[in-house]
Every structure is written in C-alpha cells, then in structure tokens.
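Step one of this worksheet: look at the structure below.
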Amino acid sequence: MDRDEEKGHGDRSLLFIGDEDDDLGVDRDGGSPPSSDAGSSFSDRSDDGVDEDPGDRRAPNVARQQGAWPQSYRQSIDMLSAVQSPTVSTIMAASPSISKIGNSFLKAGSSFFLNKKAAAEGSLPLTRPLLPPSLSQLSQQQPASRLSTDSLPPRPPAPAPALQVPAMQQRPSAACLKSNYIELPPPASKCSSSQSIINGLNVLCGVGILTTCYGIKEAGWLSLLLLPLLGACSCYTGLLLKRCIDSSPTIETYPDIGQAAFGITGRIFVSVVLYLELYSCCVEYITLLGDSLSSVFPSAHLAFTGIYLSSHNLFAITMALAILPSVWLRNLSLLSYLSAGGVVATITIIVCLFWVGIGDGVGFHPSGTALNLARLPVALGLYGYCFSGHSVFPNIYSSMKERSQFPYVILFCFIVVTIVYSGVAATGFLMFGESTMSQFTLNMPQQFVPSKIAIWMTIVNPYTKYALTMTPVALSIEEALPKKMRNYLAGMCVRTILVLSTVVVALSFPYFALVMALLGSVFTMLVALILPCACYLSIKRSAVPLWEVALCIAIILIGTVCACIGSYTSIKQMISGS
C-alpha cells in the first residue's frame with residue numbers, strides 16, 4: 001500500500017482532499033471519520049489509530065492540536081511548490097531538454113544508489129484522485145492494493161465504503177466552504193520529478209544571485225569556497241526534513257516538524273521564524289525595485305508641500321502601490337500563474353550579463369584580493385541567503401508523485417544552483433571589479449540593449465514574487481483574528497498594512513546587500529542549518545547513528561557561529577551607514 005494511502009491524506013493542497021478519504025471509508029489508519037464540523041482549522045487531521053514506533057521516533061500529536069497555529073501554512077506555501085502553474089507546464093512542454101536532463105539524472109541516481117526492487121517500489125504512481133468522487137462513482141470504485149514503500153506498521157482493514165457514503169452528502173468540503181476569506185483550489189495533478197525540479201529551482205534561484213559578485217568584492221576570491229560548502233550543508237539538511245516527515249504520518253509541514261520535535265512551543269517558534277523570513281524577503285523586494293527604477297530614471301523626484309522624495313524613495317512607494325492589488329487577490333490560483341516568472345527573469349538576467357561581457361565589449365578584467373577576513377562575514381550572509389528554500393522543501397516533497405526521487409531532485413537543484421551562483425559571481429566581478437555594486441545590474445551600461453532587458457527583468461522578478469511571498473504571512477495573521485473578523489474587508493486591511501510596513505522598513509534601511517547579508521546570517525542559518533538538525537535529532541533520537549549525531553552537531557555549531565558573526569557585522573555596517 002502507498003504511504004499516502006496509509007496516511008489517508010497524501011495530497012496536502014486542500015483540507016477536503018484528505019478528509020474525503022475519511023468519509024469514503026478508505027482511511028488506511030482504520031480510525032473513525034472526523035466530525036463534519038471542521039471549524040476554522042485548515043489542515044486538521046485525525047490521527048486515531050496511527051501506530052507509532054516508540055523505538056526510533058516520537059509520536060507527535062500534530063493533528064490533535066485543533067487550535068495549533070498556524071493552520072494555513074501548508075496551503076499558502078503550496079502555491080510555491082505543490083501547485084503546478086500553467087506557465088511552468090508550458091515551459092516544460094516547450095523545453096523538453098530540461099525534462100530529459102532532470103529525468104536522466106534521477107534515473108542514474110536511482111540505478112546507482114537503489115536496488116531494482118526498491119526502485120520499482122518507489123516508482124509506483126499515485127492514482128488516488130485529488131478531487132472527491134461523486135456518489136455515482138463510489139459504487140464503481142474498488143480499493144486498489146499496493147505494496148508499501150514505507151516502514152510504517154500495517155494498518156487494520158478499512159471499513160466498507162457503503163457504511164461511509166452518507167457522510168459525503170453532508171459535506172463535500174464543509175470547512176473549505178466556510179472559509180469565506182480565502183480560496184485555495186487544488187492542483188490538477190501531483191508533480192512529476194521534472195516539475196519538482198522546476199519548483200526547487202524557482203525557490204532557490206532568487207534575487208540572491210544579484211549580490212554574489214558583490215560577495216567576492218567584499219571578501220575576496222577564496223570566499224567562493226563558501227558557496228559549495230553552504231550548498232552541501234543545505235542539501236543535507238533538506239534531506240533531514242524529509243526524514244522528519246517520514247517519521248510520522250501526522251507531519252506535513254515545517255511547523256509540524258517543529259511541533260513533533262519540541263511541542264507547541266517549537267511549532268510557534270518555527271512558524272514565527274519562517275514568517276519573519278518571508279516578510280524580510282518582501283522588504284528586500286521593495287528595496288530592489290527602488291534601486292532598479294532609480295537607476296533607469298535617476299532624475300525622478302517629488303517635492304510637494306515641504307515633502308521631498310528622492311528617486312529611490314519615490315519608486316519604492318510607487319511600486320508598492322502597484323503591487324498592492326496582487327496582494328489583495330483571494331483566488332490564489334491566479335497567483336500561481338506568476339510562479340514561473342521568477343525563473344524566466346533569472347535566466348534572462350544571466351544571459352544578459354554574459355551578453356554584455358562578451359558581445360558588447362565590456363570584457364573581463366582580473367582584479368581583487370584573495371581573501372579579506374574583515375569582510376568575510378558579510379559575504380557569508382550573502383552566500384547563505386542564496387540557499388534559503390527549506391521552508392518550501394517539505395511541500396515539494398509532499399507534492400511529488402514519486403517521493404523516492406526527492407533526494408535526487410534536491411541534489412540536482414543544489415548542484416545546478418551552486419554552479420550558476422559561482423559562475424555569475426566570478427563573471428560579474430571579472431567584468432566590474434572593485435566598482436561592483438550591491439546588484440550587478442546597476443553596473444551594466446545603460447546604453448546597451450541587454451542592460452536594459454536585465455534591469456527590467458530585475459523589476460519583473462520581485463513583482464512576480466512579492467504577492468506569493470507575502471500571502472503566507474497575511475494568512476497567518478488573518479487566521480489569528482477573531483472569527484467575526486475573518487472576512488474580505490479585514491483581510492484587505494491586514495494585507496495593506498503589511499505592504500505599507502515593508503515600505504517603511506525598506507526606506508528606513510535602504511542597504512540591499514547588508515540587509516540581505518543580515519537575513520542570510522540570521523534566518524537562513526536558522527531555517528536551513530540549525531533547525532533541521534535540531535529537529536531531526538529530537539525526533540529520531542536514539543535511532544540516529546553516532547557519526548550523524550556528530551555531523552548534525554557540527555552543522556548546528558557552524559550555523560550558530562555564522563549567524564552571530566554575520567549579523568553583528570551587518571548591523572554594525574548598517575549603523576555606520578557604509
């Protein structure tokens with residue numbers, strides 16, 4: 001039997017996807033169907049009947065915490081992972097070479113590391129429908145028997161479907177219909193390995209690529225060695241998150257992992273850290289928009305009744321107002337069309353950089369120092385920010401058809417991203433040398449066509465990602481509001497205040513590279529290095545071999561030292577105004 005079917009809620013994109021299985025009597029846990037009054041909970045699951053192995057893992061009661069905050073995290077983050085946007089599908093169809101490269105890599109990894117039997121079991125497709133079947137289809141459905149790909153203990157046989165049919169008449173999706181302030185449509189299908197690779201690259205290839213060459217300027221050429229080192233550690237901790245999810249059927253998201261490891265306190269702490277990271281990314285988007293547009297229109301300013309706005313401030317405020325309508329959207333399927341915009345913009349910017357360096361005569365001029373220890377903490381934070389995608393990895397894993405391929409998906413993504421970041425960093429610094437600015441697009445000569453394309457793609461990139469990044473933060477606040485205030489008007493007010501607050505913070509700290517270094521030092525080290533290792537050691541406990549315990553402790557110590565030194569250096573430089 002498939003692990004998803006053992007759990008009874010393999011699809012994590014909507015509440016009713018897992019609940020309908022309970023109503024239809026195909027709950028593999030053998031528990032009774034949950035109450036039809038779902039309340040305001042987004043992802044409550046009944047974990048009755050789930051047998052836990054006390055020898056190698058804890059038995060988290062995630063589903064029984066009906067009021068555990070946040071419940072909206074899974075659905076909102078799914079917009080960056082589980083939901084397959086039509087734009088991405090079009091790209092994959094138009095670029096079969098990407099699919100071939102990804103599939104060949106996965107097949108090679110499977111054949112090398114897995115035996116034939118395990119590979120055959122891991123490649124079983126998921127045939128359970130995402131949408132609940134109609135009553136007429138219930139009589140024709142026969143439960144499919146599958147071999148288990150998990151180590152979970154066997155479940156008792158499920159009751160006959162006929163006994164559970166009346167529950168379908170009461171609520172096809174009661175909780176979803178009651179949630180009048182959010183619309184979260186289910187994805188059309190589970191993600192293939194190729195789609196998962198695109199989702200992973202979309203998460204990892206962000207605006208951090210703009211500052212990698214600035215990291216070489218700050219810390220020297222040897223600082224590039226930090227990229228593969230941080231990439232390897234982040235890739236390993238991404239696999240630890242997978243193991244944490246596999247340890248219990250009740251674990252679905254990063255906050256669930258925190259609760260399984262450290263109780264409700266761990267869930268709240270992990271959630272707050274993740275939301276602060278997302279909020280800070282939105283602040284960086286506003287700063288990036290202001291810097292980019294002010295470089296295109298440097299003479300723009302506003303002076304009115306004693307109020308003076310420079311070019312940077314004017315465009316930061318203007319673009320925030322332009323972004324605001326996209327944050328107000330309630331049907332999040334519309335936002336999924338924007339999810340591929342970041343990948344397209346990033347690829348375009350990279351092409352334009354090489355175009356300017358090779359085709360338009362800027363050329364490459366070797367310069368710089370070997371190592372600058374005084375500025376190394378800043379470069380460490382900049383490089384660390386490049387691998388901040390762990391908040392989405394659990395959702396990518398949950399949305400895959402063949403979950404056994406996740407290690408090869410994440411390995412492929414980190415290899416590609418590390419090579420791209422290193423190549424762009426070296427190329428950009430060779431082109432601009434010691435004059436390299438916090439964003440290499442600001443150094444590109446404006447008279448060249450590729451420079452104009454790159455700067456406008458830099459503007460498109462944060463515009464397409466701002467609403468997707470802010471939505472989880474907004475939903476978490478709306479979820480904490482009293483039930484009477486969970487309506488469209490209150491949601492608009494919350495989102496408007498969030499957008500305006502990011503403008504205030506961005507204008508107060510207009511240091512793109514230093515703020516990014518601070519984010520990379522604090523949040524990335526926490527989310528990508530420290531928390532995965534700590535949660536893994538807490539959940540698995542005695543089942544972890546000694547060498548892995550030592551490795552996890554070493555990664556925690558590295559992340560803690562880097563967070564302290566990097567944040568201190570970044571804050572000190574921001575205070576001094578350098």
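Search the stretch 447-483 for residues being open to solvent by less than 10 Å² (accessible area, probe 1.4 Å) and among the small types (Gly, Ala, Ser), and hand back the single one that is modelled with the lowest pLDDT. By that ranking, first place goes to Ala467.
Would you check which residues across the stretch 247-261 are part of a loop (DSSP other than H, G, I, E, B) and among the hydroxyl-bearing types (Ser, Thr, Tyr) and list them?
Kept after step one, since they are part of a loop (DSSP other than H, G, I, E, B), are these residues of the stretch 247-261: 247-253.
Hits for the stretch 247-261 are Ser247, Ser248, Thr250, Thr253.
Applying the set (1) small (Gly, Ala, Ser); (2) out of contact with any Ser or Thr (no Cβ under 6 Å at 6 or more places or on another chain); (3) open to solvent by less than 20 Å² (accessible area, probe 1.4 Å); (4) at pLDDT below 90 to Ser367 leaves exactly one unmet item: (3). Being open to solvent by 20 Å² or more (accessible area, probe 1.4 Å) and assigned to a helix (DSSP H, G or I) holds for only one residue in Val356, Val378, Val416, and it is Val416.
When the stretch 416-445 is filtered for residues that are touching a helix residue (DSSP H, G or I) at 6+ places or on another chain (Cβ under 7 Å) and of a type in the set (S, T, N, Q), the ones remaining, listed by number, are Thr418, Ser422, Thr427, Thr436, Ser438, Gln439, Thr441, Asn443. Does the stretch 490-511 contain at least one residue that is in contact with an Asp or Glu (Cβ under 6 Å, 6 or more places away or on another chain) and without any contact (Cβ under 8 Å) to a residue 60 or more places away in the chain? Checked the stretch 490-511: at least one residue is in contact with an Asp or Glu (Cβ under 6 Å, 6 or more places away or on another chain) and without any contact (Cβ under 8 Å) to a residue 60 or more places away in the chain. Per the conditions (1) out of contact with any Phe, Trp or Tyr (no Cβ under 7 Å at 6 or more places or on another chain); (2) in a helix (DSSP H, G or I); (3) surrounded by fewer than 20 Cβ atoms within 10 Å (Cβ to Cβ), the sole criterion not satisfied by Ser292 is (3).
Is it the case that Phe429 is among the aromatic types (Phe, Trp, Tyr), within 13 Å of Leu353 (Cα to Cα) and open to solvent by 30 Å² or more (accessible area, probe 1.4 Å)? Break it down stepwise before answering.
Values: among the aromatic types (Phe, Trp, Tyr): yes; within 13 Å of Leu353 (Cα to Cα): yes; open to solvent by 30 Å² or more (accessible area, probe 1.4 Å): no.
Taking the combined requirement at face value, the residue does not satisfy it.
Of all residues in the stretch 530-578, which are farther than 30 Å from Ser247 by Cα and part of a loop (DSSP other than H, G, I, E, B)? Listed by number, the residues that qualify are Gly577, Ser578. Restricting Leu371, Leu430, Leu411 to those that are over 29 Å from Thr469 (Cα atoms), among the aliphatic types (A, V, I, L, M) and in a helix (DSSP H, G or I) reduces the list to Leu430.
The set of residues from the stretch 240-277 being touching a Pro at 6+ places or on another chain (Cβ under 6 Å) and within 20 Å of Gly384 (Cβ to Cβ) comprises Leu240, Leu241, Tyr254, Val270.
Scanning the stretch 295-321 for residues that are β-branched (Val, Ile, Thr) and in a helix (DSSP H, G or I), which turns out surrounded by the most Cβ atoms within 10 Å (Cβ to Cβ)? Within the stretch 295-321, the match that is surrounded by the most Cβ atoms within 10 Å (Cβ to Cβ) is Ile317. A search for C-beta distances below 6 Å between a residue of the stretch 441-457 that is over 17 Å from Leu288 (Cα atoms) and any residue that is in a helix (DSSP H, G or I) and not hydroxyl-bearing (Ser, Thr, Tyr), counting only pairs 6+ apart in sequence or on different chains, returns Phe448/Val356; Pro450/Cys352; Pro450/Trp355; Pro450/Val356.
The values are calculated or read from the model by the stated rules, or taken from the named source; none is laboratory data. Note that this is a predicted model, so its numbers are computed, not measured. All Cβ positions, even for glycine, are placed from backbone atoms using ideal geometry, and neighbour counts span all protein chains on display. The area values use the complete protein model at the heavy-atom level, side chains included, leaving out ligands, DNA and RNA. Shrake-Rupley method; radii C 1.70, N 1.55, O 1.52, S 1.80 Å.
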